[in-house]
1. Over all Cα pairs of region 154-223, how is the pair count split among 10 Å bins, expressed in % and running from 0 up to the last occupied bin?
2. Counting pairs of alpha carbon atoms under 8 Å apart in space and at least six apart in sequence, what relative contact order in percent does region 160-212 give?
3. Between MET258 and ALA128, what is the label-to-label distance in nm when each label sits 7 Å out along the Cα-to-Cβ direction?
4. Sort ARG22, ARG207, ARG317, ARG186 by Cβ crowding within 10 Å, fewest neighbours at the top.
5. Percent relative contact order of region 34-83, based on C-alpha pairs within less than 8 angstrom and at least six residues apart?
6. Fewest first, what order do LYS62, LYS187 take by the number of other Cβ atoms within 10 Å?
7. Measure up LYS93/LYS259; LYS62/LYS377; LYS222/LYS377; LYS93/LYS377; LYS187/LYS398; LYS136/LYS222 against 26 Å on the Cα-Cα distance and list the ones that go over.
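Each value in this text was obtained by applying a stated rule to the coordinates, not by laboratory testing. Predicted model only: the values in this text are computed from it and were never measured. So basically every Cβ, Gly included, is an ideal-geometry build from the backbone, and we count neighbours across all protein chains shown.
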Amino acid sequence: MQKYLSPEYDTIKKRLVQVGIRQILLVLSVLLWGYAFITSIIVSSPFFADLRNRVVGARLMKDGLSPYFYIWHVNMPVRYYDTFVQQNTVFSKCTSSPALNWLFTFFCDLPQYHINIFWFAIQWMCIAAIVWCGCKLAATRMQKVSISLLAAFFSCSAGMRQHFFQGQIYLLVPACILLAIVCTPRKMNLISCLIFGVCLSLVVFVRPTYILLAIPFLFYKKYRSGLIAFGCLLSAYAIFAFQNKVQLKNWQDYTIVMKYFSTHYTFKTDTIVLEKDALPYTSVEGVQLDYQPPASMFDLGDGDSGEFSNYFPIHQRLFGTLPPFKLIVVFQIVGLIVGALLILLILRKRTGQAFLGIMIVCCCVVWGLDFLMPVHKSLYYNVFLLLPVILLLSLNTKLTRAVMGLTFLGLLLNTHSVKFLTMSYTVGQLLLLAACLLQVYANFFQTKYVTGKTKTYSTNKRSTTND
């Protein structure tokens, strides 16, 4: 006798399967988070070369010296000592903007050991903020678990290990942009406007070209008060910089250095590592100088010797020469035009999630411009890709199989170098970029998504879709 099962049984069975999958993914993400945290402690260099570079730049600026034309020698104060000694060169290793160096002046007088601990905590606070904001944007529990798993996977990548090893600043970018999106109520008050303005200002201070990430906020009325606060903060700093002779001189020097970088494809200096015996001490500000690099199992993203994650080594491998500067300018202009057209087309669709689509496009444009920069792009820049990928998983429509496959493969290639694949890290980044653009196409340009079947996006209201 054939047994007939009620529809409720199928619903309960489906729900149990979904819960089981979520629990498995949650356990996997916890294991990955544990591995990422332990690895970040192991690979964290006691001297944090790039962090020390910014601390020294801030100290020089605070003392009225130019961080861009200062070369340290043995008979100079240890306060200005950087990890490397440069000889026979005009420029120093400092490439941070004067605005960023000015931010570091508020705590640069602390011992380097204390600054290292503080900055390590800041990096993990940024990661926590990214995951929290991603979960706030997500509509379902499965999306939230997927965002946690993806962020944990990303935290195990070579770019993230290199970020912790150098004490870099680029985790601030996705954290600040996501905080500006999530922490903005429909009616902004003075405090929310200030938070929004500070977040966007930090993004611009990290890298001036990241001001392009403010474009999506221009199309929505709810962000106007925050944008006014953002403009006021930038204007206040600009007035301060032009009235302060030291700041003005630093901006002039910074312009000279950036102009040189933009017209020279390789910036080679006679740089040698400072030997321990060259100094009358073995530690600097509580930090040991005889630090040994981590074991090879913790790959720091060296990979292929020519892998700088930009277009120049690719062009050189294909054609044997570096690309002409005019060709790079044409590529950048074309990228900006294509990005602007995509934004206009998304706005015309008037779908509920147009804001997220525009932000993903802006992230792709910004990453593309970095990809075409003449200066080599180290792997720690790749943490910026957390922003578009988190937004990708926050969309209320299902990801296509192609997008899921490209995202997983891109993350996998960025975890460890693949010997049989030339420039595997760069290939992985390009796959993540392709996944973002494919999902934008599926979300806003395919007929079944344009007809209004997608859920309305709102940061303050969760979707009623089943998990």
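1. 18, 45, 27, 10, 0
2. So the answer I get is 37 percent.
3. Label at MET258, label at ALA128, 3.3 nm between them.
4. Fewest-to-most ranking of ARG22, ARG207, ARG317, ARG186: ARG186, ARG317, ARG22, ARG207.
5. 38
6. Values: LYS62 16, LYS187 8.
In increasing order of surrounding Cβ atoms, one gets LYS187, LYS62.
7. Working: LYS93/LYS259 15 Å; LYS62/LYS377 28 Å; LYS222/LYS377 35 Å; LYS93/LYS377 15 Å; LYS187/LYS398 31 Å; LYS136/LYS222 18 Å.
Beyond 26 Å between Cα atoms: LYS62/LYS377; LYS222/LYS377; LYS187/LYS398.
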